[in-house]
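Below is one structure, written out as structure tokens; the observations come after it.
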Amino acid sequence: MTNLEPHSTVALGEQKSQIPLLLCAVFLAYLGQMTLNPIIAPLSREVGLAEWQIGLTISAAAIMVVATSQFWGRRSQSWGRKPVLIAAFTLGTLVMALFALVAGFGMQGLITGTSLFVLFVLLRGLGFGAALAAVPPTAQAYIADVTTDEAARVKGMAGVGAVQGIAMIAGSVLGGALSAAGLITPLIVVPVLLLAGLLVISFRLRRESRHELIAEPTRVSPRDARVWPFLVAGFGMFTALGFIQVITGFIVQDRLNLNASTTGLVTGAVLLAAGVGMVLAQAVIVPRSGWTPPTLLRVGSLVALAGFALLIVIAGPVLLFAAVFLIGLGLGTAMPGYSAGPTLLVSREEQGGLAGLIAATTGLTFVIAPTAGTVLYGLWDQLPIIIGALMMFCVAVFVFVHPRFRNLTAGEPAARG
């Protein structure tokens, strides 16, 4: 039995008018992140940092996502969406402006070695990770709060994923294109994008009245029987992705024998293929299919597994692009099932905590996987890809055999653990 009812006392038309603004916030936050992705590998080599140091920087950001997501998710229900997002975008703008400055000094040789590494971890890792952690839980908790049926809930969660995918496309294009003018250019643009998000939220997003808020949102345990199978599936999917996401630039540069500037451009194109697959899934396949969350997880995990299998094969750029496209398509199909499924089983007071828990679970995968992926890549360039494929295989088996997914599909009452 699902737990769906209209939750807010605000008129539904007014509620819905806020969803595009929240999706805009998600888009701008992730556009800032994705604009950096095409250049992070060549940037590390340009400033003299090892692969594992960049992996650890990304893992530090993930640690902050894990540590703060439930806090942000619950605060979005008790403080309101607007104050949370203003705090997040203000922090993100400041730390990424400082990161651009530090990276510029690093490229000029003014800051090097351990000092540069520590600043990378503090700014791009801990600071930006804490800021980014607030955005998806705030949007997801709001969508769960205002949607009144399963199809609308899944479509709303797919919307969050779709704008993330669009941000991946736009960021890949933007970061890759700007890198042609020098690696410092995308670094300067990122805080500008975050500042734009801050202005949109400050001047356009309505602040909820006190009676719309929840004074004491409920914390959701990761051991709750209603949600932990979804968390396991999501953890496996994003761990598999984490093993290859940070090393994509290295794969491109080493397999295709490219220089640093060309690597940024081609890596942007490869990430663009993943983004196209993700947007196609979440903007077209998910809304039109009408599939339940378990079905989305099953279909998506199988498609992503096929992409990982192709990525293992070294056969030139065409197969590389096809593999990454399938991974994006598969994960884009599975993600709304992962994020929407457990929201159908919990109360309104738990939605903020659940949204934070889902974001924390996703972040947890990037605590270890990027560092492990870069270290393993240094040992053997195929090893992190093979491990990612094995993880995705385990996810596919799990979502087919675990009774939680069979029960939800059959519409049986949800257990409370």
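Observations
- Residue in segment 163-179 that is part of a helix (DSSP H, G or I), more than 29 Å from Thr262 (Cβ to Cβ) and out of contact with any Asp or Glu (no Cβ under 6 Å at 6 or more places or on another chain) present: yes
- Segment 62-104 - residue that is under 18 Å from the mean Cα position of the chain (by Cα) and more than 25 Å from Ser202 (Cα to Cα) and, of those, surrounded by the most Cβ atoms within 10 Å (Cβ to Cβ): Ala62
- Pairs where the first residue, in segment 381-392, is more than 21 Å from Gln253 (Cβ to Cβ) and the second is surrounded by 19 or more Cβ atoms within 10 Å (Cβ to Cβ) and polar (S, T, N, Q), C-beta under 7 Å, 6+ apart: Met391/Thr239; Met392/Ser301
- Enumeration of residues in segment 250-266 that are more than 21 Å from Ala306 (Cα to Cα) and either in contact (Cβ under 8 Å) with a residue 24 or more places away in the chain or among the small types (Gly, Ala, Ser) (or both): Phe250, Gln253, Asp254, Leu256, Ala260, Ser261, Thr263, Gly264, Leu265, Val266
- Filter pass, Ile368 being more than 18 Å from Pro222 (Cβ to Cβ) and either in contact with a strand residue (DSSP E or B) (Cβ under 9 Å, 6 or more places away or on another chain) or β-branched (Val, Ile, Thr) (or both): no
- Set side by side, the residues Val276, Val284, Val299, Val303 differ, and just one is assigned to a helix (DSSP H, G or I), of a type outside the set (Lys, Arg) and touching a residue at least 60 places away in the same chain (Cβ under 8 Å), which is Val276.
- Pairs linking a residue in segment 41-63 that is within 13 Å of Ala103 (Cβ to Cβ) and charged (D, E, K, R) to a residue that is in a helix (DSSP H, G or I) and modelled with pLDDT under 80, with Cβ atoms under 8 Å and 6 or more positions apart or on different chains, are Arg45/Ala260; Glu46/Ala260.
- Selected residue [outside any helix (DSSP H, G or I) and surrounded by fewer than 24 Cβ atoms within 10 Å (Cβ to Cβ)] from Gly127, Gly109: Gly109
The values are calculated or read from the model by the stated rules, or taken from the named source; none is laboratory data. What you are looking at is a predicted structure, and each value in this text was computed from that prediction instead of being measured. Virtual Cβ from ideal backbone geometry, glycine too; neighbours counted across all protein chains shown.
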